[in-house]
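Each remark here refers to the structure printed beneath this line.
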Amino acid sequence: MDKQALLKAVVKAAEDKLAQDIVVLNLQGIALFADYFVICHGNSELQVQAISKAIKEEAEKQGVEAKMTEGYEQARWVLIDLGEIVVHVFHKEEREYYNLEKLWVDATRVEVGGH
């Protein structure tokens, strides 16, 4: 599967579940473990789980199995490893605390889909 198509599908799935402040960071040339981070948040544990589930289901429809998912039960910070794309679905409070965008300040933001 084309990674750009997967990236768009992941962002669309997050948008469909009303994920907030969706950011895509291009990590190519900066990190060896992934080409892109998709970062977003929900305002409750249920919303974080719904966003995460929708992203995993959409990736599977695109033929990509998540290599790993962590944090789904607690729904405070869910990490979904799709290989070249790593998705971080935060609860709003955790997103503000960990501030991954600031941590990866050298990464460029990428506009994907309708967000």
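The values are calculated or read from the model by the stated rules, or taken from the named source; none is laboratory data. The structure displayed is predicted, hence computed values, not measured ones. These accessible areas exclude ligands, DNA and RNA; they are computed on the full protein's heavy atoms, side chains included. Shrake-Rupley method; radii C 1.70, N 1.55, O 1.52, S 1.80 Å.
Here are the numbers for this structure:
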item	result
Theoretical gain in end-to-end length, LEU100 to GLN28 [0.36 nm per residue, Cα-Cα removed]	24.3 nm
Once the Cα gyration tensor of the chain is diagonalised, semi-axes √(5λ) in Å	18, 17, 13
1.4 Å probe accessible area per residue over the chain, in Å²	55
GLU70, GLU65, ranked by accessible area, largest first (probe 1.4 Å)	GLU65, GLU70
Within the accessible area of the chain (1.4 Å probe), percent carbon and sulfur	49
Cross-link table LYS17/LYS56; LYS8/LYS56; LYS12/LYS92; LYS61/LYS92; LYS3/LYS61, entries beyond 22 Å C-alpha to C-alpha	LYS61/LYS92
Those aspartates and glutamates that a straight Cα-Cα span of less than 19 Å connects to LYS102, excepting residues fewer than 8 apart in one chain	ASP21, ASP35, GLU93, GLU94, GLU111
